[in-house]
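The values are calculated or read from the model by the stated rules, or taken from the named source; none is laboratory data. Everything quoted here is computed from the prediction, not taken from an experiment. Glycine gets a Cβ as well: all are built from the backbone with ideal geometry, and neighbour counts include every protein chain shown.
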Amino acid sequence: MAGLFLEGEPNPALRGQECEGCGRVAFPPNPYGCEKCGAPAAMLVDRPLAGRGRIVAFVTTTHANRRDLSVPYTVASIALDDGPVIRAIMTDSTGESLAAGDAVETVLVERAADEGSTDRVLRFQKREAA
Amino acid sequence: MRRPLRDYRPVHVVGIGLHRFQPLSETTYVELGLTAIREAMADAGIAFSAIDSAYCGTALLGMAPSRAMLRHLGASGLPITQVENASASGSTAVRQAVLEVASGMADVSLAIGLDKPAPIRLAHEAAGVPDLVNAYASPFTHFALLADDYMRRYGVTAEQVARVAEKNFRNASKNPHAHRQKGYSLAEILSGPNISGPLTRLQCCPIGEGAAAVIVASDDAIARLGLSRARSVRVLSSTSRSERVYDPGADPDTELTRETLAMSCAEAGVSPGDLDVVEFHDGFSIEELLYVEALGVCPPGQAAGQLARGDFDIGGRVAINPSGGLLAMGHPIGPTGVGQICEIARQLRGEAGPRQHPGARLGLAHMVGIGSVCVVHILSAAD
Ligand SMILES: [Zn+2]
């Protein structure tokens, strides 16, 4: 997940790409070529996307079909302020505090990884009113 | 120049056969497949030696399953090909058989759908393009998000979405080949267990084992082999597409389905409103509502209401998933798309017994495969 975001304040940006051939802005980034026009990877330039958007839809999953996923977890469709609509995991695993239309932002969360170490993963959380 | 199927010589479904879709058992895949193929040969009145080629749609069995099965029908030396196209593997096997007969390279071709449950390894997970959700966005979470979005957009309730499953269980209660033959009530469907968002377990298709077989033939073969013309069903179109880039926020499966359905109707020369029976990829209840609207037989946001008043029942305006669909007939992967063709052919022959849609003349079968791909066939009854 490290290659998907850029650390920064007040919250991490997403590592998007913009195509110099057709102008498409996309996330996640890929090392191969543009899905819309077929331009090669050399024409895909980094385009940071602000880690902010609004919830379009969200669901809480209570059934895991693989052992490496712990339930419940909540996934949202998020319309980024910078255009693309993405899917992300919310910090609120039960989704009880969330509503469609909520303003949300990225946050890095420490997570237990292999052999007692931890890594940091990107989640979205509800943005507190300023 | 690119030409649609109807510009080639006519292709007809002349034989159908099924092994029941069911939970994993000790039955070998060979036994499953032979049951379906022998039934299809008996249905057509055709010997294995008269079949020119075979396509086997399977996603989970592993390398080279077909000859180990087909040799027990008398090893004729026919060309055999495995077809893997995710959930659309069986539909794609049908398409390959249809194209081979249409082109004239075969007179009679066999499409088989065959699978037994096994661990699924998705190649795209190794594509080197991770995202923020990866395995968290399993199919049921993906479709639950679409359900949540649809319900908000149109003010539809979870109970209205669940009525898709209620209808399809009712249809499958009259289908001896269905995985789930118990006609679950709406209360049972809604009572859980919950899987993701509004989707309960009975709104997610069961993945079991089974087999389906379809034999397609040319006019020449029908005449030469003395097959029944009255029971033959014409294949009007065979259409296959893969996902493009759609507007931000649009569901790719629905948009891919919309354009593939439109293309298939245009190639067949039929209007969506003329269809009598439709088998949709209802892997999850919400899909049927999305795809009914994508077909254009119902305005956006109104599928739930029209379903509730019986428009999509057997005997309604257009019978949707008379077999029970993936939710109730089941989704053993390879067999599913071939089984849809069996159901449409049975309906168009007027041989569907207690689940016959009266006066069925025109039918459509639709599958989506993860990735995404979409395959649509349109069939018509004999004149
Ligand atoms: Zn481009």
Flag for A:Ala112 being surrounded by 13 or more Cβ atoms within 10 Å (Cβ to Cβ) and away from every other protein chain (no Cβ under 11 Å)
no
In the stretch B:109-124, anything under 11 Å from B:Ala86 (Cα atoms) and in contact (Cβ under 8 Å) with a residue 24 or more places away in the chain is listed as B:Ile120, B:Leu122
Considering A:Pro84, A:Pro31, which residue is at the interface with chain B (Cβ under 9 Å from one of its Cβ atoms), in contact with a Phe, Trp or Tyr (Cβ under 7 Å, 6 or more places away or on another chain) and farther than 30 Å from B:Ile207 by Cβ?
A:Pro84
For the stretch B:211-224, name all the residues that are farther than 30 Å from B:Ala147 by Cβ and touching a helix residue (DSSP H, G or I) at 6+ places or on another chain (Cβ under 6 Å).
B:Ala211, B:Ala213, B:Val214, B:Ile215, B:Val216, B:Ser218
Being in contact (Cβ under 8 Å) with a residue 60 or more places away in the chain and away from chain B (no Cβ under 11 Å) is the filter; apply it to the stretch A:13-28 and report the residue that is nearest to A:Phe124 (Cα to Cα).
A:Ala13
Residue, surrounded by the most Cβ atoms within 10 Å (Cβ to Cβ), within the stretch B:125-135, restricted to residues that are modelled with pLDDT of 90 or more and more than 7 Å from chain A (Cβ to nearest Cβ):
B:Ala127
Is it true that some residue in the stretch B:82-100 is touching a Pro at 6+ places or on another chain (Cβ under 7 Å), more than 14 Å from every other protein chain (Cβ to nearest Cβ) and under 29 Å from B:Ile314 (Cβ atoms)?
yes
Could you grab the pairs with beta carbons closer than 8 Å, sequence gap of 6+ or different chains, first residue in the stretch B:74-99 and of a type in the set (D, E, K, R), second one modelled with pLDDT of 95 or more?
B:Glu84/B:Gly57; B:Glu84/B:Thr58; B:Glu84/B:Ala59; B:Arg95/B:Ser238; B:Arg95/B:Ser240; B:Arg95/B:Val375; B:Arg95/B:His377
Every residue from the stretch B:86-105 that is of a type outside the set (Ser, Thr, Tyr) and surrounded by fewer than 24 Cβ atoms within 10 Å (Cβ to Cβ)
B:Ala86, B:Gln96, B:Leu99, B:Glu100, B:Ala102, B:Gly104, B:Met105
Closer than 22 Å to B:Met329 by Cβ, touching a helix residue (DSSP H, G or I) at 6+ places or on another chain (Cβ under 7 Å) and within 14 Å of chain A (Cβ to nearest Cβ) - does that describe any residue in the stretch B:167-182?
no
Only residues in the stretch B:136-147 that are more than 7 Å from chain A (Cβ to nearest Cβ) count as the first member; pair them with residues that are surrounded by 22 or more Cβ atoms within 10 Å (Cβ to Cβ) and aromatic (Phe, Trp, Tyr), Cβ under 6 angstrom, at least 6 apart or cross-chain, and list the lot.
B:Phe143/B:Phe284
